[in-house]
Amino acid sequence: MAAPGPGPGTQDILDVGGGQSSRTRLRAFSLGAVLLTVGVLAGFEARGVLDAREVARDEQRWLTAAGLESASGLGPSTFTVTVHNGGDEAVEVLHVAPVGWRATTEPATVPPDSWVAVAFTVHVDCSAATAPGRSLVVRVETSSGEAEQVLAMPYTPAALVYERSRVCGAGPPGTGGDSASLAHP
């Protein structure tokens, strides 16, 4: 018996490209490269977030601030600051004040990985109060005891600039009683 071989009506086909054009292969390769790049960048970003949390724990920083607003319903000199607890345990906020200002605070508990608005009332002494800045001093209590932390705000709160101007009147540029204080955080 003879070995089967090509005969009439049979065809040998060698398919190495899957019927794809070089353009289609280039698109697939490009998509793969983009996905790999995005994955690597996402990994670096996630690592950066984890590093920031580790640094915060190592330096005993528990809170971060998102913003400060006037709490007009609570009184003319009352504000709220929204804080996030990035630690593993609840933190009791005992006192909040803009750097160089006096204030009274309604204590608030901030559970782990939570956002809470903390209310405080400023007492502006025009001869002593510094121009509003981007920092708040916060005294907290944890299971380890009391500690003080300076919270950096993303910007100079306009509500504090207005409050100092309202109580003390307009002052020279940079003193908090003018719009220049807002332009230079």
- Task: Could you tell me which of the residues Gly73, Gly100 is open to solvent by 10 Å² or more (accessible area, probe 1.4 Å), modelled with pLDDT under 85 and not in a strand (DSSP E or B)?
- Result: Gly73
- Ala117: passes all of (1) assigned to a strand (DSSP E or B); (2) in contact with a Ser or Thr (Cβ under 9 Å, 6 or more places away or on another chain); (3) modelled with pLDDT under 90 but (3)
- Query: List, please: which pairs have Cβ atoms under 8 Å, are six or more places apart or on different chains, and start with a residue in segment 146-169 that is assigned to a helix (DSSP H, G or I) and end with one that is open to solvent by less than 30 Å² (accessible area, probe 1.4 Å) and of a type in the set (Ser, Thr, Tyr)?
  - Reply: Val161/Ser181; Glu163/Ser77; Val167/Ser77
- Evaluate segment 163-176: report whether one residue or more is within 18 Å of Val81 (Cβ to Cβ) and modelled with pLDDT of 85 or more. yes
- Residue selected from segment 135-145 under the condition in a strand (DSSP E or B) and open to solvent by 30 Å² or more (accessible area, probe 1.4 Å), by the criterion nearest to Gly67 (Cα to Cα): Ser135
- Note on the structure: Pro132: passes all of (1) at pLDDT 90 or above; (2) buried (at least 19 other Cβ atoms within 10 Å of the Cβ) but (1)
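The values are calculated or read from the model by the stated rules, or taken from the named source; none is laboratory data. Keep in mind the model is a prediction, meaning the values are calculated, not measured. Neighbour counts are summed over all protein chains in view; Cβ atoms, including those assigned to glycine, are modelled from backbone coordinates with ideal geometry. Areas reflect the complete protein model, heavy atoms only, side chains present, ligands, DNA and RNA absent. Shrake-Rupley method; radii C 1.70, N 1.55, O 1.52, S 1.80 Å.
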